[in-house]
Amino acid sequence: CLAKNYDAVIALVKEIILEPRWDATEFDLLKQSTLSRLQRQQANPNSIAANQFAKIMYGEDHILSNNNMGTSASVKAITIDDLKAYYDANISPSVTKFHIVGDITSAKVKSSLASLNDTWKVKDVNIPQVMAAQKPKASKVYFYDVPNAKQSVLRFGTPSLSATDTDYYAAQVMNYRLGGGSFASQLTQQLREGKGYTYGVGSRFSGGATNGTFVISSGVRSNVTYEASSLVKGILENYSAEYNENDLDVSKGYMIKSNARAFETMGSKLGMLNNISNYNYPDNYAKLREQSVKDMTVEDIKALANKYLNPDKMIYLVVGDAKTQL
């Protein structure tokens with residue numbers, strides 16, 4: 001919000017928290033828009049790949065195997081009374097964090113929230129523990145048939161590092177030349193620039209407080225599904241052995257320069273607060289990360305690649321035309 005409107009906005013925040021409106025018309029519109037999005041997903045190969053990959057990685061009974069938007073049946077079954085009951089049981093200051101960035105003092109923020117401290121009822125909220133997915137003991141290929149698809153969606157990966165793991169940021173540095181660095185990455189250079197198989201391909205480590213994943217994703221021409229998949233596997237197999245000083249210099253140059261600009265905006269500062277409060281990062285974690293990049297060696301990167309990139313223990317999911325590609 002505009003700095004001059006801060007007090008008015010906080011007053012609205014208090015009203016939203018303490019006196020939710022429960023508008024039936026808005027609720028019906030939200031349900032309908034969610035059902036429409038679910039219907040569109042059923043015809044979108046990228047959405048199919050994301051949903052199926054989650055089921056394979058986590059297993060049918062794991063909460064993270066489910067689409068966050070639910071299913072058509074579950075959305076239709078939800079009532080506004082269900083929302084009220086969830087709100088009453090789970091929305092509490094005991095599990096809430098306020099992150100505020102701007103031309104404002106800590107004392108001002110605390111005083112603006114004082115009345116909320118006095119009026120917002122504290123409840124005991126039970127947040128279920130999310131179990132990390134089990135890594136596959138051997139690779140396996142899964143194929144989801146989309147008849148007559150002109151493109152195949154590739155999604156290869158494995159459960160990996162959580163955001164709280166000590167190797168989490170180092171693995172992202174290692175991944176830069178593999179698939180995290182766009183046109184500076186081997187995946188883009190070989191699959192897009194070298195072979196023309198795809199317009200876009202990338203790899204990334206993404207993690208939360210208790211679980212994480214490593215995923216390579218791309219959409220490729222249907223008639224090169226096997227060739228693209230085989231090339232990705234080959235790049236993974238050779239990445240550690242072929243990694244050299246030039247790769248490290250390019251990675252360091254990008255990571256250090258981007259870090260210098262990474263916290264200039266209000267939104268990026270808010271992201272920093274999120275990381276500090278959600279993952280218990282030290283207040284100076286950005287500086288510590290910068291120094292860790294400067295200290296990295298080729299041997300460090302090779303060790304990380306050998307530890308976290310194992311193409312023989314991954315999930316290989318292809319969404320495409322089974323008649324011609326399976």
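Annotations for the structure displayed:
- Segment 130-179, accessible area per residue, ligands and nucleic acids excluded (1.4 Å, Å²): 50
- Computed on protein heavy atoms with a 1.4 Å probe, the accessible areas place 198, 105 in the order 105, 198, largest first.
- Accessible area (Å², 1.4 Å probe, nearest 10) - residue 326: 150
- Ranking by accessible area, most exposed first, for 287, 269 with a 1.4 Å probe: 287, 269
- Accessible area, probe 1.4 Å, largest first, for residues 120, 22: 22, 120
- Computed from point charges on the beta carbon alone (+1 for Lys and Arg, -1 for Asp and Glu), the dipole magnitude for the chain about its Cα centre is near 420 Debye.
- Of 129, 41, 291, the one that fluctuates the most in a GNM where the chain has Cα springs shorter than 10 Å: 129
- Segment 1-108: GluC sites (Glu not before Pro) in DSSP coil with no more than 15 other Cβ atoms inside 10 Å: 60
- Solvent exposure of segment 1-116, expressed per residue, is 67 Å² of accessible area, with all protein chains present and a 1.4 angstrom probe.
- One entry in (1) 23.2, 66; (2) 19.6, 70; (3) 19.7, 56 is Rg and Dmax of the Cα atoms in Å calculated from the shown coordinates; its label is (1).
- Taking 18 Å as the straight-line reach from the Cα of residue 150, the aspartates and glutamates in range (excluding those fewer than 8 positions away in the same chain) are 227, 321.
- Charge-dipole axis of segment 66-130 as Lys and Arg at +1 and Asp and Glu at -1 on Cβ define it, positive-most pick from 106, 75, 86: 106
- Computed with a 1.4 Å probe over protein heavy atoms only, the accessible surface of segment 227-326 comes to 54 Å² per residue.
- Electrostatic dipole magnitude of segment 39-169 [Cβ: Lys, Arg +1; Asp, Glu -1; Cα centre; debye, to 20]: 300
- GluC sites (Glu not before Pro) restricted to DSSP loop in segment 224-326 with at most 14 other C-beta within 10 Å: 264
- With 0.36 nm allotted per residue and the present C-alpha distance subtracted, the residue 26-residue 129 stretch has 33.9 nm of extension available.
- Of all accessible heavy-atom area on the chain, the percent that carbon and sulfur account for (1.4 Å): 52
- Backbone N atoms of segment 137-170 closer than 17 Å to the 7 Å Cα→Cβ label point of residue 300 belong to residues 165-170.
- Listed residues 309, 178, 18, most fluctuating in the chain (Gaussian network, C-alpha, under 10 Å): 18
- When +1 charges are put on Lys and Arg Cβ atoms and -1 charges on Asp and Glu Cβ atoms, the dipole computed for segment 164-297 relative to its Cα centre reaches about 380 debye.
- Crossing angle, helix 285-295 versus the chain [Cα axis fit, 0-90 degrees, rounded to tens]: 20
- Listed by chain and number, the lysines whose alpha-carbon sits under 22 Å from that of residue 313, ignoring those within fewer than 8 places in the same chain, are 55, 135, 137, 140, 233, 302.
- In segment 172-326, taking the dipole from charged Cβ atoms about the Cα centre, the farthest positive-side position among 175, 231, 214 is held by 214.
- Each label was represented as a point 7 Å from its Cα along the Cα-to-Cβ direction; for residue 240 and residue 256 these points are 2.7 nm apart.
- Rounded, prolate or oblate (a/c below 1.5 giving rounded, otherwise prolate when a/b exceeds b/c) for segment 77-136 by Cα gyration tensor: oblate
- All lysines inside 25 Å of residue 121 as judged from Cα atoms, apart from same-chain residues fewer than 8 positions distant: 14, 84, 97, 108, 110
The values are calculated or read from the model by the stated rules, or taken from the named source; none is laboratory data. Source: prediction; values computed, not measured. For neighbour counting, all protein chains shown are included, and Cβ atoms are generated from backbone atoms with ideal geometry for every residue, glycine included. Just so you know, the surface numbers come from the protein's heavy atoms only, side chains and all, with ligands and any DNA or RNA stripped out. Shrake-Rupley method; radii C 1.70, N 1.55, O 1.52, S 1.80 Å.
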